[in-house]
Amino acid sequence: MIKIIRATPNPLTLMGIVASTCWNSTPSPQIGINCIESGHGRVLEYPDVIVEIDGYSARMIRELYTKIVGVTRLQASTRYIQYGEFEYYIPESVKNNNKALDIYENLMQHISTAYLQLEELGIPKQDTANVLPLAMHSKVVLKINARGIIEMALTRLCNRALKEYRDFMIELINVIGNIDGEWKKIVSYAKPKCEVYGYCNEKNSCKGDDN
Ligand SMILES: Cc1cc2nc3c(=O)[nH]c(=O)nc-3n(C[C@H](O)[C@H](O)[C@H](O)COP(=O)(O)OP(=O)(O)OC[C@H]3O[C@@H](n4cnc5c(N)ncnc54)[C@H](O)[C@@H]3O)c2cc1C
C-alpha cells in the first residue's frame, strides 16, 4: 500500500559527496554513514523519497500531517473525488469481535448510503463529504527526506503511537529499505526513541509492553 514514485539513487554516496565539501576530503558512502552516526542532520536532508500512500485511514493521515519538518504532501481531494463506495480501516480489536465488526460495518454502510442519497439530492461533493468517517482510506503523495524518516521513527515506532501509524511506519521503512543497499543502511537507523536514547521519556511508558 506504499509505492515508491521516486527516490534519490545511492543516497549515502550523495551524502558523502555533499559532506566531503566541508572537509575537502575524498567522497565516500562511509562519510554519509559517519554523518548519521555523528548527528550531522543537515547532510541527511539531501536524499529523499516520494511515495504514494494508499490504504491508510484519514485519521492516520491526519496524524501524519503533524510532522511538518522535512516533508511535502499532496492528498486526494474530497471535493473532486466521489466517495460513495469508500474503503475503510478496520482495527484488529474490531476484526476479532464478530458483534463489533457487525456494528462497525453497518455504520460504514449507513454512511455510504447517506452519502449517495445526499448526492442524489444534488448536494455538491464538498458538502456531502462532511459525512465521511475518519476511518475512510485516503490517498497521499508524501515526499520525505532521510532526516525526516529517522526523526519520524523516533515517536511513531514508539508503542505509545497510534497502532495504525506504527504499522504505516514499519511498512514505510520496509519499502524504502528495499530500494537499494544504501537506503537499507539509512533506514537501519530508523528506530523508536527508547532504543536510540537507551531509556524511555514517555510519561506513560509502555514499559516494553506492545499494548
Ligand atoms: C504518543 C503520541 C501522542 C501524540 N498525541 C498528540 C495529540 O493528542 N494531539 C496532537 O496534536 N499531536 C499529538 N502527537 C503528535 C506530536 O505532538 C507531534 O506533533 C508529532 O510527533 C510531530 O512532531 P515532531 O516534532 O516529531 O516532528 P516535526 O514537527 O516534523 O519536527 C521535527 C523536529 O524539528 C524541530 N522543530 C519542529 N518545529 C519547530 C519549531 N516550530 N520551532 C523549532 N523547532 C522545531 C524539533 O526539533 C522537532 O523535533 C502525538 C505524538 C505521539 C508520538
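Test Cys206 against the criterion of being of a type outside the set (D, E, K, R), surrounded by fewer than 17 Cβ atoms within 10 Å (Cβ to Cβ), touching a residue at least 40 places away in the same chain (Cβ under 8 Å) and outside the structural domain of Tyr83 (by TED's automatic domain parsing), and give yes or no.
The answer is yes for Cys206.
Are there helices (runs of 4 or more DSSP H) fully within the range 1-86 with at least 3 residues that are over 22 Å from the mean Cα position of the chain (by Cα)? List them.
11-23, 29-38
Among the residues of the range 159-208, what is the count of those that are among the basic types (Lys, Arg), more than 30 Å from Pro9 (Cα to Cα) and over 13 Å from the mean Cα position of the chain (by Cα)?
3
For the range 104-115, check the following and say yes or no: at least one residue is assigned to a helix (DSSP H, G or I), touching a Ser or Thr at 6+ places or on another chain (Cβ under 6 Å) and of a type outside the set (A, V, I, L, M, F, W, C).
Yes, the range 104-115 has at least one match.
Can you say whether Asn201 is at pLDDT below 95, in contact with a Lys or Arg (Cβ under 8 Å, 6 or more places away or on another chain) and not charged (D, E, K, R), as far as the supplied structure shows?
yes
Of the residues in the range 38-89, how many are within 27 Å of Glu182 (Cβ to Cβ) and among the charged types (D, E, K, R)?
Qualifying residue count for the region: 7.
In the range 50-99, what count of residues is obtained for those that are under 24 Å from Ile149 (Cα atoms) and of a type in the set (Lys, Arg)?
Total satisfying the criteria: 4.
So, in the range 168-200, how many residues would count as being surrounded by fewer than 16 Cβ atoms within 10 Å (Cβ to Cβ) and either within 11 Å of the ligand (Cβ to nearest atom) or under 19 Å from Ser57 (Cα atoms) (or both)?
1
Starting from the range 148-160, take each residue that is within 7 Å of the ligand (Cβ to nearest atom) and list its partners that are modelled with pLDDT under 95 and polar (S, T, N, Q), counting only C-beta distances under 9 angstrom and pairs at least six apart or across chains.
Arg160/Asn204; Arg160/Ser205; Arg160/Asn211
The values are calculated or read from the model by the stated rules, or taken from the named source; none is laboratory data. Predicted model, so just to flag it, every value in this text is computed and none were measured. Here Cβ is always computed from backbone atoms with ideal geometry, including for glycine, and neighbour counts include all displayed protein chains.
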